[in-house]
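The values are calculated or read from the model by the stated rules, or taken from the named source; none is laboratory data. The shown structure was predicted, so the numbers you read here are calculated from the model rather than taken from an experiment. Positions of Cβ are generated from backbone atoms using ideal geometry, with glycine treated the same way; all protein chains shown enter the neighbour counts.
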Amino acid sequence: MTFQTQPDLTRAIAYERRFARVIEHVHAHLDEPLDLDQLADIAALSRWHWHRVWQAVFGESVVAMVRRLRLHRAASALAHGETDLERLAREAGYGSLAAFTRAFRQSYGLPPATYRQEGSHRRFDKDWTPPIPSGADTTGAYPMQDVTIRHEPQRLFASIPHKGPYIEIGRAFEHLIGSLASRGLMGKTGQMFGFYYSDPSVVPEPDLQSMATMELTEEIAFEAPLQRFEMPASRYAVLRHKGPYADMRAAYDWLYGTWLPTSGEELADAPVMEIYISNPRDTAPADILTDICLPLKG
């Protein structure tokens, strides 16, 4: 008896398309009640078994994914100054502000109103100083952000492009994981990287260009929607960010506006890169680590 070690490509693509339909439906209907039977029909899989297939591939249930995406969207709104907590609660699918507050605190470590005022995005504000516990030594209390200069080697990636708000690039990563898993290629992958080509201060959100990628440990056959992307060896200024993805805009503003002008460095003509150290599916948002990498000349 022989066992097939690689999935048949036709069957793999069929599963890939099923996952893609579910991903697109979830992102397009994030404000609507979650109907698992409807998602099973969209996936064209058994209502009894499709959810186990999804969880085995993506490492989290659809229920957990939707909850994570909704809270992520709420955290992004709060980090950008949103004050209407009741509206955020409704959009996140909670029947009351109290239920939303409990869920948000459980995931982000702070209730929503406190997160807006004291979340990790605030540590990059010029006029912010961290809360000091009673009796603590306040010497050097202003937070210094550590930036290291690092040479990154040449890398090969499987990639899927994303067009639209950067905060929504997770959709492209989900498609990427679904494609690689369906084709039995996850064993040939390493870390996830994101590449960001547009300046969000001048390019409208719907037109922002970025790319979700996963490092490959060996060459593979690339079939759509997977694209081959090779990163040349490059020099970067690297800031390790700890906290929710929603907070990262403040880190970028600090890097460009405070660190770069006094660093003596010049930016290279290449996209910004993010290296995702943590898996958001099993890491609390407050503990997520991401390396923000600005390309440098030299």
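Side notes on the structure shown:
- Residues of the stretch 156-170 that are in a strand (DSSP E or B), touching an Asp or Glu at 6+ places or on another chain (Cβ under 9 Å) and buried (at least 18 other Cβ atoms within 10 Å of the Cβ): Phe157, Ala158, His162.
A quick yes/no check of all residues on (1) farther than 23 Å from Asp291 by Cβ; (2) basic (Lys, Arg); (3) surrounded by fewer than 22 Cβ atoms within 10 Å (Cβ to Cβ):
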| position | (1), (2), (3) |
| --- | --- |
| Gly184 | yes, no, yes |
| Thr189 | no, no, yes |
| Phe195 | no, no, no |
| Ser198 | no, no, yes |
| Pro204 | yes, no, yes |
| Leu208 | no, no, yes |
| Met214 | no, no, no |
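- Within the stretch 271-298, being in a helix (DSSP H, G or I) and either more than 19 Å from Glu174 (Cβ to Cβ) or among the basic types (Lys, Arg) (or both) holds for Ala286, Asp287.
- Residues of the stretch 30-52 satisfying the condition of being surrounded by 14 or more Cβ atoms within 10 Å (Cβ to Cβ), in a loop (DSSP other than H, G, I, E, B) and not aliphatic (A, V, I, L, M): none
- Per the listing Glu86, Glu24, the residue uniquely surrounded by fewer than 15 Cβ atoms within 10 Å (Cβ to Cβ), farther than 26 Å from Gly187 by Cα, among the charged types (D, E, K, R) and modelled with pLDDT of 90 or more is Glu86.
- If the condition is being surrounded by fewer than 14 Cβ atoms within 10 Å (Cβ to Cβ), of a type outside the set (A, V, I, L, M) and either at pLDDT 90 or above or in a loop (DSSP other than H, G, I, E, B) (or both), then the stretch 247-270 contributes Pro261, Thr262, Gly264, Glu266, Asp269.
- Residue within the stretch 216-235 that is outside any loop (DSSP other than H, G, I, E, B), within 30 Å of Gly109 (Cβ to Cβ) and either at pLDDT 95 or above or within 21 Å of the chain's Cα centre (by Cα) (or both) present: no
- Any hit, the stretch 228-237, residues being surrounded by fewer than 15 Cβ atoms within 10 Å (Cβ to Cβ) and touching a strand residue (DSSP E or B) at 6+ places or on another chain (Cβ under 6 Å): yes
- The sole residue among Arg17, Arg11 that is within 21 Å of Gly184 (Cβ to Cβ), surrounded by 13 or more Cβ atoms within 10 Å (Cβ to Cβ), more than 17 Å from the chain's Cα centre (by Cα) and basic (Lys, Arg) is Arg17.
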